[in-house]
Amino acid sequence: MISSPTYSFILLLFLCAVDSGRILSKIKDCVRDHQLQKNQDYLLTLTASDHQLLPQVKESWIYQPLDHFNRQDINTFPQRFFVNEAYWQCPDGPVFLFIGGEGPIHELDVLIGHHADMAKEHRALLLAVEHRFYGNSINQDGLKAENLG
């Protein structure tokens, strides 16, 4: 028979394993929310003249195949992205792609942060792409199993 402390430890490990996905998801959301709030707070510290120096960001959409493996399926979903071309040395400058991870993107993702500083330093075009099925980049029928691709 398993001793009580051993049984309790095994039960604790089991519960941690079962709930770890939800916990990690909540941590990820908290980190993303904190970063967005930090960026918004930074914008509040800028003077009016500093705000005028911020580059204009373009929000755009590209229609991606819903199922990349089935050439017969012509269904698409809109994928959102933001573009900051203020620093770009066109047409030979580098292109930096910011992939925000599994979550929505914001226009601040191409304005503030280390990657934005690097884009300025290297005279790069900066793109931020929203992950499929997050934010506004979701197919029309939502998350119905038959439409997930």
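Checking 120, 58 one by one, the residue that is farther than 25 Å from residue 30 by Cα and under 17 Å from the mean Cα position of the chain (by Cα) is 58 and no other. As for region 66-76, it holds at least one residue that is closer than 29 Å to residue 139 by Cβ, part of a loop (DSSP other than H, G, I, E, B), among the basic types (Lys, Arg) and modelled with pLDDT of 75 or more. Of all the listed residues (132, 123), the sole one being touching a residue at least 60 places away in the same chain (Cβ under 8 Å) and out of contact with any strand residue (DSSP E or B) (no Cβ under 6 Å at 6 or more places or on another chain) is 132.
Within region 88-114, the set of residues being in a loop (DSSP other than H, G, I, E, B) and either outside the structural domain of residue 128 (by TED's automatic domain parsing) or farther than 23 Å from residue 38 by Cα (or both) comprises 88, 89, 90, 91, 92, 93, 94. Would you confirm whether any residue within region 88-109 is buried (at least 18 other Cβ atoms within 10 Å of the Cβ), touching a Phe, Trp or Tyr at 6+ places or on another chain (Cβ under 7 Å) and under 29 Å from residue 29 (Cβ atoms)? Looking for residues that are buried (at least 18 other Cβ atoms within 10 Å of the Cβ), touching a Phe, Trp or Tyr at 6+ places or on another chain (Cβ under 7 Å) and under 29 Å from residue 29 (Cβ atoms), one finds at least one in region 88-109, hence yes.
The values are calculated or read from the model by the stated rules, or taken from the named source; none is laboratory data. Everything numeric here is computed off the predicted structure, so don't read it as measured data. Cβ coordinates were reconstructed from backbone atoms using ideal geometry, including for glycine residues, and neighbour counts include every protein chain displayed.
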